[in-house]
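Written out below as C-alpha cells is the structure these notes cover.
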Amino acid sequence: MRKKQKKSKEEKIAENYFPVDESNLKNTIEKPYKKLDISKIETIEKPKKKISPKKRKSSAKKKKSKTKKVTYSYPKTKLKKSGYELVITEKPQAAMKIAAALGKSEKIDSRGAPYYEVSRKGKKIVVACAVGHLFTLKQNVTGSSVPIFDIVWIPNYLARKKDFTKKYYDTLLKLMKNASSLTVATDYDTEGEVIGLNVVRFIGNQKDANRMKFSTLTTDELNKAYDNKSPSIDWGQAIAGETRHYLDWFYGINLSRALMNAIKTTGSFKIMSIGRVQGPALNLIVQKEKEIQKFKPETYWQVFADIKNTPKLTLKHNKNISKEEELEKFQELKGKETEATTKKKEQIIPPNPPFNLTTLQTEAYKFHSIAPIRTMRAAQSLYLSGLISYPRTSSQKLPKEIDYKSILKILAERNKVQKLIKRKTPIEGKKTDPAHPSIYPTGNYQILAGDEEKIYNLIVKRFLSLFCEEAVIENKTISINVDKLKFSTKGVSIIKPAWMDIYPSKLKQEEIPDVNGKVKITKIKTEEKETQPPKRYSPASILSELEKRNLGTKATRANILETLHNRGYVKDTSIKATPLGISLISTLEKYSSIIIDEALTRDFENQMDSIRESKSKFKEKEDKIIENAKKTIIKIAKQFEKSEKEIGQELQDANIKLRDQEKEENKLNICPKCKKGNLAITYSRKTRRHFIACNAYPDCKTTYSLPPKGKVKKTKNICEECGFPKLMILKAGRRPWIFCFNDKCPTNKERIEEYKKKQEEENKEKN
C-alpha cells in the first residue's frame, strides 16, 4: 500500500505561513538601509611588504593571464578478474526494483548512498545508482570570453558546491574497485545512455559495458532484460546524447553570455539565456503575439430564424453579414412559409491511439489543467513505482510481447468495464520510437493521490479504450431555404458510446428533432459581433507545435517552456510574450537572425537522429556536427561583437519597460491607513523576500508579510470577509495557492493565534 502523495512545497508553505498583526510589526516591516558614517570608521593600514623585481614580474604575468585550466584527473580504476557484477541504475528507486527482481537482495547504506547486494544462482551482483547525471560539462579554462569551445566532463560535485551527488560518486568509485564486470541499467534513451557511458568511462575507466534494456520496472521484464542483456552499450544513443550535450552547451553558454555582455555595456546586469531550441520556441510565441497586436477587429452580424415547431427551433444563416444595410432583406422573411429538410449521417469514431509523452501532456492539461512539467514528473514517479511503462517516448505502438490478457483482466475488473472490452488486439497510431513503446499501465496497483492519481487514471482509461469497439454518433442537420437565403442548425447524438464510456470525451451531445415539410418563420433575430484575434498558445498547444516542427525532444520541451517563464520572456498560462521577450526576438532578428532559425535547429535534430540510428562511424559524425556548430557560433559571436552596444541598449530598454509593467501590475488596493498611497507587492533585495508595502513610503510605513517562497501575483478575486484583493503564490509545475494577505482578516485569525503560540514557546525555550 502506497502512502498518500507528499504535499507540494507551496502547500507546506501555506500551512506554515502566519500573517503577523500589528503587535509583531518588527517581524513584518522592512527596515530601511542605514547609511554608514564613514568618518567614524577607523582604518588600519598594514605596512606594505617589499617585493623583489623577480617576484614583481612573475605576479604581473599571473595578473595578465585570464585563463586557467580546470584540473581534474579521472580515477584509473582497474576491474578485478574475479569479482561481482556491478549494475548501474539511474535512480535509487530503480536500483531497489532491479535488485528485488534479480534475486534475494540486501540493502547496504554507504553514507547516505544505498546500494544492494544480490544473490542470483550462486552469483553475486551489486546494484547501485547514479542519481541522474553525475557529470556535467564545464569549460576547461576560466574566463567569460565568447566563444568558448574548450569544455570537459567533470563530476557535478566539483562544478557545484555542496552537491549531493558526491556520496553517490564515491560509492560507485568504491564499488568499481571490487567489480569484475559492469552492466548499464539506466533509462533506455539518449540521456540514460550518456549517464551510463560517463559512469563507465570516467569512474570505471572502461571503454564499454553490458546493457540491460527495459520499458517497465516489473519483475518479469527486468529478468528478461538481464538474461538477454547486450554485450555493449547502445553507442548510437550514447554519442547522439553526448552530441546534444555539446551543442546545448556551445549554444546555450556562448549565446547567453553574449547577451549578458551586451547588457553590461549599459552599466546594468540581468541574467538572460538563449539556446538553439529556446530561441525558435520563443520566436513562435512572439510571432503569435505580434499577430494579436496587429489584429484589427471587424464588425459582422449573424442572423437567426425561429421556426414554428414543437419544440421551437432556431436556425442560423449560413453566412456572416459584413454590411449592416444587408440586414434589411432578412426582416422581410418573417411570416413566410418554406420547406424544412432533415439530413442524418452516421459517423464512426475509433478510439484515440495510445499515449506518448506529448499526447499525455496535452490531454492532462485539457482535462485536468495539469501543466506539462507536472505531468512529466508524475509520469516519471509512476514509472519508478512500476505502475506504467517508460513515459519519455514518442511511440504510439504497443509492444507485441506484453501480456494483454492479464493486464486487461486486472484493470477491467478494477474499473468494472469488462463488458466493454471487445477487441483482442489494441488500436495503435502511426508514430514509432526506436527505444520505447507507447505509455501503458503494467497492471500493478498502489493507492495514489494528487497529480499521480489523475495521470494514472488517464493512462489506464486510455489503455482500456484501445480494446473497445468504435463509437457511433449521428450528425443531424435541419435546413431551410427562403428567398435563396439558407438557414440551418446541427445536432449530435451518440448512438453507440463504446470506448467513450471509458475514456473522457469532450463531445457535446445536442439532440434535435426531425423536421420535414412546411414550416413557418415566426421571428428573425440579429446579433452584432466582432472578429476575434488569434488564440495564444496554451502549455499544451505549444508542446504540440514544437513536436510538429521537430524542435527539441519529448523530454526537454516542457523544461524549455519553464525556462522561458523563469527568464521573464513569457507569462501566464495563456502564454503571452512580455516586452523583454518581444524585444529579444526583434533584436536577434535585426542583428543575428540565425539564432532563431528553426530550420538550423531542426537540421541539427535530424543529424543527431542519424547518429542514433547509425551502426558505425559515430565519432566521425559527432565531430562533423560539432565542427559545423562551432562555425555557426563564431559567426554569431562576430555579429554580436560588431553591434554589442546597440544590442545591449535595446535589451536594457525592454527590461526597464518590463519592470515598469510589473510595477503597475503589482499595484493593489488603496492603503487602509494613510488613504493616499497604494499597497503594492514589493521585493526586498536585502532579505530576498516579497512583502506588501505602501508606495507612499517613507511617509507611510504600512507593510504586510508574505510567504517566503514562490512568485506572488495579484488575482481578480476579492476576499469576501475583508474586501482585500486576494493574492496567488505561483511556482512552476505546482498548484497555485490563493490567499488573503490582510492580517486583520477573520480568515487569518487562527493562523495568527497559532503564530503567537509558537513565538511564546520559542521565547520560553530561549529563557
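With a cap of 16 neighbouring Cβ atoms within 10 Å, and only residues DSSP puts in a loop, list the GluC sites (Glu not before Pro) found in region 254-307.
Those that pass, being in a loop and sparsely packed, are GLU298.
Under a Cβ-Cβ limit of 4.7 Å, which cysteines in the chain have nobody to pair with?
CYS129, CYS468
Can you tell me how much longer the chain between GLU325 and ILE738 gets when fully stretched, taken as 0.36 nm per residue apart minus their C-alpha distance, in nm with one decimal?
143.7 nm
Divide by every residue of the chain the summed helix terms, -39500 (n - 2.57) for each DSSP H run of at least 4, and state the resulting mean residue ellipticity at 222 nm, rounded to the nearest 500 deg cm²/dmol.
-12000 deg cm²/dmol
Around ARG689, which amide H atoms from residues at least 5 apart in sequence, or from another chain, sit under 5 Å from its own amide H, with H modelled in the peptide plane?
When sequence neighbours closer than 5 places are left aside, the close amide H contacts are SER684.
Select from LEU387, ILE455, ILE427 the residue farthest towards the positive end of the dipole of region 357-465; place +1 on Cβ of Lys and Arg, -1 on Cβ of Asp and Glu, and compute about the Cα centre.
My answer, from the dipole projection, is ILE427.
Compute the length gained on full extension between ILE495 and SER180: take 0.36 nm times their separation in residues and subtract their Cα-Cα distance, giving the result in nm to one decimal.
106.9 nm
So how much slack lies between THR687 and SER593, counting 0.36 nm per residue of separation and subtracting their Cα-Cα distance, in nm?
Length gained, THR687 through SER593: 29.8 nm.
How many times 2.2 N^0.38 Å is the alpha carbon radius of gyration of region 84-233?
1.09
Provide the net charge surrounding LYS638, with neighbours chosen by a C-beta distance below 12 Å and charges set as Lys +1, Arg +1, Asp -1, Glu -1.
Cβ neighbours under 12 Å give a net charge of +1.
Which is the longest stretch in the chain that no exposed loop site breaks, taking sites as chymotrypsin sites (Phe, Trp or Tyr not before Pro) with a DSSP loop state and at most 11 other Cβ atoms within 10 Å?
270-767
Net charge within 10 Å of VAL472 by Cβ-Cβ distance, Lys/Arg positive one each and Asp/Glu negative one each, not counting VAL472 itself?
Residues close to VAL472 contribute a combined charge of -3.
Over 30 Å between C-alpha atoms is what I'm after, so list which of LYS343/LYS506; LYS294/LYS571; LYS431/LYS638; LYS296/LYS520; LYS162/LYS663; LYS161/LYS749 land there.
In this structure, LYS431/LYS638; LYS296/LYS520; LYS162/LYS663; LYS161/LYS749 lie more than 30 Å apart at Cα.
Compare the Cα positions of GLN206, LEU172, LEU222 along the charge dipole of region 84-233 (+1 at Cβ of Lys, Arg; -1 at Cβ of Asp, Glu; about the Cα centre) and return the one farthest towards the positive end.
Of the listed residues, the answer is LEU172.
What size of dipole, in debye to the nearest 20, comes out for the chain about its Cα centre when the only charges are +1 on Lys and Arg C-beta atoms and -1 on Asp and Glu C-beta atoms?
So the magnitude is around 3500 debye.
Under a Cβ-only charge scheme (Lys and Arg +1, Asp and Glu -1), can you give me the dipole magnitude of region 587-701 about the Cα centre, in debye to the nearest 20?
820 debye
Under a point spin-label approximation (7 Å from Cα along Cα-to-Cβ), what is the GLU470-ASP514 distance to one decimal in nm?
Modelled inter-label distance: 2.4 nm.
What distance in nm separates the simple spin-label points at SER406 and GLU720, each placed 7 Å from Cα in the Cβ direction?
Between SER406 and GLU720, the label points sit 5.2 nm apart.
Which of the peptides 473-486, 540-553 is most tightly packed, and how do the rest follow, judged by the mean count of other Cβ atoms within 10 Å per residue?
Highest to lowest by the protection proxy: 540-553, 473-486.
Could you size up the charge dipole of region 357-465 around its Cα centre, putting +1 on the beta carbon of Lys and Arg and -1 on that of Asp and Glu, and report it in debye to the nearest 20?
That gives region 357-465 a dipole magnitude of about 460 debye.
Computed from the coordinates by the stated procedures, all read-outs in this text should not be read as laboratory data. Since the structure is predicted, the reported quantities are computational estimates derived from the model, not experimental observations. A quick note on method: Cβ atoms are made from the backbone with ideal geometry, for glycine too, and the neighbour counts reach across all protein chains shown.
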